[in-house]
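What follows is a short report on a single structure.
Just so it is clear, none of the values below were taken in a lab; they were calculated from the coordinates. Please read these numbers as outputs of a predicted model, since none were measured by experiment. Don't worry about glycine lacking a Cβ; one is built from the backbone with ideal geometry, like all the others, and counts go over all protein chains shown.
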């Protein structure tokens, strides 16, 4: 799910899947190169996207719809505007399963999430500041593994440029009933910063709104206060 109604003024920046490829019967060497287990996995699905955090959310969503594992998910340096090729984007995600049907089910769920759920938003009229104030209402196996939370728990997934993120994550933690699962300080591969916050669904939604409002009303609108 996305952010709450009070922040509907934010303009969505829709993500785009750049390439999807399936390897129905992957060689053991390729399986192992992506972290798959040839004893359990035979098929792979590879996806690139121009928004890394949107794809991370979509990969987690895929684990709820198919018996697959997320074996590889990594952002590329400097982001989509500096990609190595036309189809590279800023992330490669790889799902692994025992048969091609499971891969297809996973990729279908992933694509639906990209088209209808996870996306960045412009925090200013000129779209010079992009933020990701996302709430996952019920995490799947991928985020559970990465966060240490239980499958089915809600989680706020918050991303912004470095300075904005520091101010806004602090604001969310101080003003809502959430706790920090993980805070990723800048620079990341794409030169942003991020946090995963846990709590009730209502608390996670409130944290996402607090985060977004902090960026929009405080940082993006008034970036230089000491003169």
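Summary of values
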| quantity | calculated |
| --- | --- |
| Two-decimal Rg to Rh for the range 15-116 - Kirkwood Rh, Cα set | 0.96 |
| Ranked packing of 71-79, 92-100, 205-213, most packed first, by mean Cβ within 10 Å | 205-213, 92-100, 71-79 |
| Crossing angle, helix 162-175 versus the chain [Cα axis fit, 0-90 degrees, rounded to tens] | 80 |
| The chain: angle of helix 100-116 to the longest principal axis, Cα-based, in degrees nearest 10 | 20 |
| Cα-based Rg and Dmax for the chain, where Dmax is the largest Cα-Cα distance (Å) | 17.7, 63 |
| Residue 84/residue 128 FRET efficiency (R0 25 Å; Cβ-Cβ; nearest 0.05) | 0.50 |
| Between the range 148-227 and the range 108-146, the Cα center-to-center distance that results, in Å | 13 |
| Inter-site label distance for residue 16 and residue 185 at 7 Å from Cα along Cβ, in nm | 3.6 |
| C-alpha long axis of helix 52-62 to longest principal axis of the chain, angle in ° | 50 |
| 222 nm mean residue ellipticity, helices alone, for the chain (DSSP H n ≥ 4; -39,500 (n - 2.57); rounded to 500) | -9500 deg cm²/dmol |
